[in-house]
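The values are calculated or read from the model by the stated rules, or taken from the named source; none is laboratory data. Note that this is a predicted model, so its numbers are computed, not measured. Please note: Cβ atoms are built from the backbone with ideal geometry, for glycine as well, and neighbour counts cover all protein chains shown. Areas reflect the complete protein model, heavy atoms only, side chains present, ligands, DNA and RNA absent. Shrake-Rupley method; radii C 1.70, N 1.55, O 1.52, S 1.80 Å.
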Amino acid sequence: MADGAASDKESFEPVDSKVVSYGAETPVTGQTKMQAAWSADTEDEETSAKVAPTSQGQIFEQIYTPWEGTLNPRWMRNWAILRHHILGIFKKGHRPWNIPTRLFIFFVIIASMTDVALALLFGMIGEPTLYDIWGVNRDNLYGHVMGFFPRNILYYPIVAALLVGGIISEDRSHGTSALYFSRPINRFDYTAMKFLSVCLILLFIINGTLAAYYFVDILVMGKGWAWIIDTFPMFLAAFTCGMILSFTYTSIGLALSSISRGRFFPAIGLIAILMGTRSIAAIVDALFDRSLLYVISPYDSVAHVCQALIGTEMTYQHPWVWSLVSVVIMNGLALYLLANRVSSMEVTRE
C-alpha cells in the first residue's frame, strides 16, 4: 500500500476465528487466521470488507431438506418397539436384557411348572390322594396365580422389578427418548408399547404356566367333556386374575420407572410397595383383628378380588368390592403418573 494512502486504509488481523481448515498442505486444527482491509474512501459507494485470499480453510453452507419418503404404517412402528423389548429376552439384536434377568425368568417358568409335574406324577402312578392335592381344582387354580408363597413373595414381584427397572428410566437418563420422539412416534404409542412389553412377559409367565397346568392335565389324564365344562369357567376366572395381577404390577412398576433415572429405585420401590404394604396390613390385622387396611396392599386387593371371581374361600373380612375400588384407584393413579411423566420427557438427554 502506498505511503499517501496509508492514512486512508486500516488493516487488522483477528485470530482464533472458528473456521475449519481443510487444506491439504496444513493439518486440520479447527482455527485459521484471516486478514481483512476495510476501505474508508468517500468515493466508495458502500463500505465493504476485502478478505485476503488464503488456502488454509473454507466455509461450507449446510442446507437441511425435509425427507419426503413414505413412512411405515403406525402399527409397524409400534410393533418395532414391542419386538425390540420382548425378543431381547430370547435372542440378540434387540433390547440387551442382562444375563441375571434372563436366568431368573427361566427359573421362574420352570418353578411355576412344579404343580404340573406333581399332578402328572401322582396321576400316572395312581395315587388319588396326592393327585387331589396337586390336581386341577378351584383352590389350586387360584393358588397357581395368587399363591403368596412362593409365587407372589418371590417370583412375580422380582420378575416385574427386573423388567421395569430401566425400561423408561434409562431412556430418560441416556437420552434414548430422542431416538423415539425424533421419529413419527407419539408419546401414547411409546408408553403403550412399553407397558404392553412388560405386561406380556408377565402374562406369559403367569397365564402361560396356568394354561399348561390346565390343558396338560386334560390331555394326559384323559378328562371328559363333563369335567371340562365344570372346570373351564374356573380356569377363565383364574386367567382373568392373572391379567389383573400383571396389569397392576406393570402399571405401578412403570410409574416408578418414569420418575427415576436409574434401574435400582424402580425395582426396589416396586418390591417395597408390594411387600411393605402387605406386612403393615398383616401386623394391623393380627393386633386389632381388622382386615380393612389390606386395601392399601396391591397384592391383597387383587387377591381379594380374585377370590370373589374364582369363588374360593374368602380370607378377608371386609367386602371384596372395597378391594376392587382400591385396585381401580391404584391403577388409575399409577397410569396418571406414568402419562404425566412421559409427556414431560424431552427429546434430549436430561
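Does at least one position in segment 173-187 carry a residue that is out of contact with any helix residue (DSSP H, G or I) (no Cβ under 8 Å at 6 or more places or on another chain), among the hydrophobic types (A, V, I, L, M, F, W, C) and surrounded by fewer than 16 Cβ atoms within 10 Å (Cβ to Cβ)? Yes, that holds for at least one residue.
Inside segment 277-313, residues that are over 24 Å from Leu141 (Cβ atoms) and among the charged types (D, E, K, R) make up a count of 3. Any idea which residue in segment 125-157 is nearest to Tyr213 (Cα to Cα), counting only those that are among the polar types (S, T, N, Q) and outside any loop (DSSP other than H, G, I, E, B)? It comes out as Asn140.
Only one of the numbered conditions (1) in contact with a Cys (Cβ under 6 Å, 6 or more places away or on another chain); (2) free of Cβ contacts under 8 Å to residues at least 40 places away in the same chain is violated by Trp227, and that is (1).
All of Ile206, Ile201, Ile167 fail the test of being open to solvent by 10 Å² or more (accessible area, probe 1.4 Å) and out of contact with any strand residue (DSSP E or B) (no Cβ under 9 Å at 6 or more places or on another chain), apart from Ile201.
Val145 meets the conditions (1) within 23 Å of Ser197 (Cβ to Cβ); (2) open to solvent by 30 Å² or more (accessible area, probe 1.4 Å) in every case but one. The failed one is (2).
Conditions tested, residue by residue: (1) among the aliphatic types (A, V, I, L, M); (2) more than 30 Å from Thr312 (Cα to Cα); (3) at pLDDT 85 or above; (4) open to solvent by 60 Å² or more (accessible area, probe 1.4 Å).
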{"site": "Glu45", "(1), (2), (3), (4)": "no, yes, no, yes"}
{"site": "Val51", "(1), (2), (3), (4)": "yes, yes, no, yes"}
{"site": "Gly57", "(1), (2), (3), (4)": "no, yes, no, no"}
{"site": "Leu71", "(1), (2), (3), (4)": "yes, yes, no, yes"}
{"site": "Met76", "(1), (2), (3), (4)": "yes, yes, yes, yes"}
{"site": "Ile86", "(1), (2), (3), (4)": "yes, yes, yes, no"}
{"site": "Phe90", "(1), (2), (3), (4)": "no, yes, yes, yes"}
{"site": "Leu103", "(1), (2), (3), (4)": "yes, yes, yes, yes"}
{"site": "Ile133", "(1), (2), (3), (4)": "yes, no, yes, yes"}
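The selection criterion, being of a type in the set (S, T, N, Q) and without any contact (Cβ under 8 Å) to a residue 60 or more places away in the chain, holds for Thr176. For Ala178, the stated conditions hold: it is in a helix (DSSP H, G or I), over 12 Å from the mean Cα position of the chain (by Cα) and over 24 Å from Ala111 (Cα atoms).
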